[in-house]
1. Which condition number does R85 fail, the rest of (1) closer than 29 Å to L222 by Cα; (2) without any contact (Cβ under 8 Å) to a residue 60 or more places away in the chain being met?
2. Would you pick out the residues in region 117-139 that are in a strand (DSSP E or B) and polar (S, T, N, Q)?
3. Could you tell me whether region 70-89 includes any residue that is assigned to a loop (DSSP other than H, G, I, E, B), on the phi > 0 side of the Ramachandran plot and charged (D, E, K, R)?
4. Is it the case that N96 is out of contact with any Leu (no Cβ under 9 Å at 6 or more places or on another chain) and surrounded by 13 or more Cβ atoms within 10 Å (Cβ to Cβ)?
5. Just to verify a result, which residue in region 88-111, among those that are within 18 Å of the chain's Cα centre (by Cα) and touching a residue at least 40 places away in the same chain (Cβ under 8 Å), is farthest from F253 (Cα to Cα)?
6. Looking at region 186-237, which of the residues that are closer than 20 Å to D32 by Cβ, charged (D, E, K, R) and without any contact (Cβ under 8 Å) to a residue 60 or more places away in the chain is surrounded by the fewest Cβ atoms within 10 Å (Cβ to Cβ)?
7. Which one is farthest from the chain's Cα centre (by Cα), of the residues in region 163-221 that are among the β-branched types (V, I, T) and outside any loop (DSSP other than H, G, I, E, B)?
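Coordinate-derived values only; no laboratory data. Since this is a predicted model, take the numbers as computed values, not measurements. Positions of Cβ are generated from backbone atoms using ideal geometry, with glycine treated the same way; all protein chains shown enter the neighbour counts.
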Amino acid sequence: MKFVLQIFVATLLMASAACAAPGADAILAASDAIRNPGQPFSVTVTLTEFENGKQVDTSTLTSYARLAQQGGQYSSLVRFVLPARDAGKLMLKNGNDMWFYDPTNKASVRLSPQQRLLGQASNGDVVTVNLARDYKATLAGEEEVQDGERRTRKAYKLLLAAAAPDVTYASIEMWVDMQNNRPLKARFFAESSRLLKTVYYRKYLPELGAERPTESVIIDGLNPQSVTLMRFSDYKARAIPEIWMQRDYLPRFQPE
């Protein structure tokens, strides 16, 4: 009788734990909602590249993003602001297509999201993305991890596998704060399983209805002295016409 009671109690505890632990996809979707506003918005993105602690390059962009009408993924139009030689150039991501437009020669060419934009930041890093739409998540467990402010946090560890061949990364390891679903850290891998970069999400500030990370520290997978800082500022909720997200409209685009 005692043995049967022990089995019954153990079963109840396991069932309770299963009910208490959220699913991996739900955790990932919650972290997406923290990174990305759910309404059309613009944000200034500043990229700064460092080598061995010294700044070597910088670029400033304005990103306009809105949820696509189908699929739940974002469409993004990125306008280059600085340096002056790049001002007015555009980058568009609509669905699985990515385009670069140069107003000087009025030509648009297809881009790869894996292509480097500046330092360790790729084209796919500067557009707004719901990871839960492009990856299948598995909960690998719970771990203590250092966040971008060097504080120890209890986190869910997620393993993300690409759900389509044309996403930026083949697989991702992500740590999400158990207390508030904030993304803390992620490791991005190539199809060969080579570590491409490690990213820390930090400096959370209230922006458009939630506390969001306003800095991402991107560290090269092979050389930890090669670091790119991506800063997000000047968030604005705004009306973004769907036509802005069409390749044929790029030559006619005029910033506000």
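1. (1)
2. Scanning region 117-139 gives S122, T138.
3. From region 70-89, those assigned to a loop (DSSP other than H, G, I, E, B) are 70-73, 83, 87-89; that's our starting set.
If we keep only those that are on the phi > 0 side of the Ramachandran plot too, we end up with 71-72, 88.
If we keep only those that are charged (D, E, K, R) as well, we get none.
Scanning region 70-89, I find no residue that is assigned to a loop (DSSP other than H, G, I, E, B), on the phi > 0 side of the Ramachandran plot and charged (D, E, K, R), so the answer is no.
4. Numbers: out of contact with any Leu (no Cβ under 9 Å at 6 or more places or on another chain): yes; surrounded by 13 or more Cβ atoms within 10 Å (Cβ to Cβ): yes.
Answer is yes for this residue.
5. This residue is N96.
6. Only one residue fits best here, namely K203.
7. Within region 163-221, the first condition is being among the β-branched types (V, I, T), and the residues that meet it are 167-168, 172, 176, 198-199, 214, 217-219.
Still in the list and also outside any loop (DSSP other than H, G, I, E, B): 172, 176, 198-199, 214, 217-219.
Numbers: I172: 11, V176: 13, T198: 12, V199: 10, T214: 12, V217: 12, I218: 11, I219: 15 Å.
That would be I219.
Residues checked against (1) of a type in the set (A, V, I, L, M, F, W, C); (2) touching a helix residue (DSSP H, G or I) at 6+ places or on another chain (Cβ under 8 Å):
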residue	(1), (2)
L82	yes, no
N94	no, yes
P103	no, yes
L111	yes, yes
L118	yes, no
G124	no, no
V127	yes, no
